[in-house]
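First up is the structure itself, then whatever we jot down about it.
The values are calculated or read from the model by the stated rules, or taken from the named source; none is laboratory data. This structure is a prediction, so every number in the text was calculated from the model and none was measured. Counting neighbours? That spans all protein chains shown, and the Cβs are built from the backbone with ideal geometry, glycine included.
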Amino acid sequence: MKAITVSAPGAPPQVSYSIPIPSPGPGQILVKTRYVAVNPVDAMISQFGSPFIPSWPLTPGCDASGIVVRVGQNAVSALGKEFNEGDEVCGCTRVGWSGFTAWGEYFLFDAHVCIPIPPSISLAAASGMGVGILSASLGIFSCLSIPLPDPARLAKKRGDWALVCGGAGNVGLFAVQLLKLCGFKVVATCSERNFGLVESLGADATISSALPHPSVVSSIQRIIATDSLIYAFDATSMNNTLISSLFSSLPPPPHPPLPSSPSSASPRLYTTTNSWDPLPQSSKTTHPFIATPIQLGPIGRPEAVALNGNLRRYIPVLYQLLESGKLVAGQYSI
C-alpha cells in the first residue's frame with residue numbers, strides 16, 4: 001500500500017509505495033483510511049522523535065476515520081458489540097506504532113478503544129474527534145475526578161465554575177461541552193474570532209487568550225464574582241503559570257472537590273495536555289491545588305491497562321452523547 005513516511009527525526013515526509021498492509025490480530029480491526037486529521041502530535045514526533053516510536057521509518061497519523069475491512073478474533077467494541085466489515089469508525093490509534101498509524105491506505109485499530117461513528121456524524125467530521133474527545137474525557141473524568149454523566153439524566157446545573165484554557169481547539173471544544181453537560185458554568189479562553197463558536201458550544205463566558213495573564217486572572221475574578229471555581233483544564237499545554245497565578249488569587253473553595261479532602265484545605269484540581277514540563281507546585285496550606293497531566297500517548301498498548309480500561313468505560317457514554325446530538329464534533333476543512 002501507499003503511505004507517507006518519515007525516515008528519521010526531522011527528515012522530510014515522502015510517499016512510499018511498498019508498505020505491507022497490516023493484518024489484524026485478536027482484538028483488532030483493519031480499517032480502510034477515509035480521512036486523517038493533521039494533529040500537532042504527528043508534527044512533533046516526526047520532527048523530534050518520541051519514546052512511543054519503537055523504530056523508524058515512521059508513518060505518522062494518530063487521528064483518523066475509516067471503514068472496517070477486516071476483523072480479528074474477538075474484536076469487540078466498547079459498546080459490547082463485535083465489529084463487522086463496513087462499520088464506520090474513528091478514534092486515536094496507537095501513537096507511532098507500525099501498522100497502527102493512519103497516514104497510509106490502511107491501518108489497525110484496537111477494537112476496545114475505537115469509537116464507532118454514530119449515523120449523524122460524517123466520516124470527515126469524525127476524523128478529527130479521536131484525540132480531542134478522548135483527551136477531554138481523560139482530563140475531566142480521570143484527572144479532575146468529575147463523575148461520568150448519565151446521558152439519559154444529565155446533571156442539574158451547578159453554581160460553580162470550571163475554566164477551559166483554549167476552548168476553541170479540538171481538545172478544548174470537547175472539554176467545554178463535557179463540563180457543561182456535567183452541570184458546570186464554563187469560562188473559556190480563546191481568540192476573539194472564536195468567541196461565538198465557543199459560546200455556541202456551551203461556554204457561559206469567554207476571555208481573549210491574547211490578554212496578558214494578570215488581565216485574564218482579573219477577568220475570571222470579575223466573571224465568577226462570589227461563585228467558586230474549583231476545576232481548571234488547560235487544552236493548549238501552555239498555561240501552567242496562568243493557573244498558578246489564578247488559583248493563588250482566589251479564596252479557598254467553599255466545599256472540597258474530592259470526598260477525601262479536608263475542608264480546611266480543600267484543593268482545587270488542574271489538568272493539562274502538557275505531559276512533558278514539570279507541573280506547577282501549589283502552597284499546601286493557603287492555596288492548595290492538585291495538578292495532573294493528561295496522558296493519552298500509550299493508548300491501545302497492552303501495558304496501558306488502566307488507560308485502556310478508562311477509555312473503554314467512557315466511549316459508550318460519549319457515543320450516546322454524540323448520537324443524541326448533546327455532544328457535537330468541531331469544525332473542519334478538507
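Among what's in region 306-334 and is modelled with pLDDT of 95 or more and over 18 Å from the mean Cα position of the chain (by Cα), pick the residue that is nearest to Cys114 (Cα to Cα). By that ranking, first place goes to Glu323.
For region 20-44, taking the residues that are at pLDDT 95 or above and part of a loop (DSSP other than H, G, I, E, B), the one that is nearest to Gly300 (Cα to Cα) is identified as Gly27. The single condition among (1) closer than 20 Å to Gly91 by Cβ; (2) buried (at least 19 other Cβ atoms within 10 Å of the Cβ) that Lys32 does not meet is (2). For region 23-32, indicate whether the set of residues that are in contact (Cβ under 8 Å) with a residue 24 or more places away in the chain and under 15 Å from Trp103 (Cβ atoms) is non-empty. The answer is yes; a qualifying residue exists.
With respect to the conditions (1) in contact with a Gly (Cβ under 8 Å, 6 or more places away or on another chain); (2) under 15 Å from Val36 (Cβ atoms); (3) touching a residue at least 60 places away in the same chain (Cβ under 8 Å); (4) of a type in the set (Gly, Ala, Ser), Ser127 lacks only one, and its number is (1). Residues that are among the polar types (S, T, N, Q) and not in a loop (DSSP other than H, G, I, E, B) were ranked within region 278-334; the one that is nearest to Leu250 (Cα to Cα) is Thr292.
Residue selection: Pro24 satisfies the criterion of being more than 29 Å from Thr236 (Cβ to Cβ) and crowded, with 16+ Cβ neighbours inside 10 Å. For region 197-208, name all the residues that are touching a residue at least 12 places away in the same chain (Cβ under 8 Å) and either in a loop (DSSP other than H, G, I, E, B) or among the charged types (D, E, K, R) (or both). Selection gives Leu201, Gly202, Ala203, Asp204. Looking across region 102-126, the residues that are of a type in the set (Ser, Thr, Tyr) and modelled with pLDDT of 95 or more come down to Tyr106, Ser122. I need a count of the residues in region 193-241 that are among the charged types (D, E, K, R) and on the phi > 0 side of the Ramachandran plot. Summing the residues that are among the charged types (D, E, K, R) and on the phi > 0 side of the Ramachandran plot in region 193-241 gives 0.
Just give me the residues in region 209-234 being touching a Cys at 6+ places or on another chain (Cβ under 6 Å) and among the hydrophobic types (A, V, I, L, M, F, W, C), in sequence order. Within region 209-234, no residue meets the criteria. In region 7-42, the residue that is farthest from the chain's Cα centre (by Cα) out of those that are closer than 25 Å to Asn170 by Cα and aliphatic (A, V, I, L, M) is Val31.
For (1) under 19 Å from the mean Cα position of the chain (by Cα); (2) surrounded by fewer than 18 Cβ atoms within 10 Å (Cβ to Cβ); (3) modelled with pLDDT of 90 or more, each residue gets a yes or a no:
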{"residue": "Thr206", "(1), (2), (3)": "no, no, yes"}
{"residue": "His213", "(1), (2), (3)": "no, yes, yes"}
{"residue": "Arg222", "(1), (2), (3)": "no, yes, yes"}
{"residue": "Ala232", "(1), (2), (3)": "yes, no, yes"}
{"residue": "Ser245", "(1), (2), (3)": "no, yes, yes"}
{"residue": "Pro252", "(1), (2), (3)": "no, yes, no"}
{"residue": "Ser261", "(1), (2), (3)": "no, yes, no"}
{"residue": "Thr273", "(1), (2), (3)": "yes, no, yes"}
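Which one is surrounded by the fewest Cβ atoms within 10 Å (Cβ to Cβ) among residues in region 136-167 that are touching a strand residue (DSSP E or B) at 6+ places or on another chain (Cβ under 9 Å) and part of a strand (DSSP E or B)? Ranking the qualifying residues of region 136-167, first place goes to Trp161. Selection within region 168-196: residues that are part of a helix (DSSP H, G or I) and in contact with a strand residue (DSSP E or B) (Cβ under 7 Å, 6 or more places away or on another chain). The member of this set that is surrounded by the fewest Cβ atoms within 10 Å (Cβ to Cβ) is Glu192.
You will find that of Ser244, Ser237, Ser218, the residue that is under 23 Å from Leu138 (Cα atoms), assigned to a helix (DSSP H, G or I) and assigned by TED's automatic domain parsing to the domain that holds Ser145 is Ser244 and no other.
Let me spell it out: the conditions are (1) surrounded by fewer than 23 Cβ atoms within 10 Å (Cβ to Cβ); (2) in contact with a strand residue (DSSP E or B) (Cβ under 8 Å, 6 or more places away or on another chain), and Ser122 meets all of them except one. Which number is the exception? Only one criterion in (1) surrounded by fewer than 23 Cβ atoms within 10 Å (Cβ to Cβ); (2) in contact with a strand residue (DSSP E or B) (Cβ under 8 Å, 6 or more places away or on another chain) is unmet by Ser122, namely (2). Just one of the listed residues (Val68, Val15, Val6, Val36) is in contact (Cβ under 8 Å) with a residue 60 or more places away in the chain, among the hydrophobic types (A, V, I, L, M, F, W, C) and closer than 25 Å to Ile334 by Cα, namely Val36.
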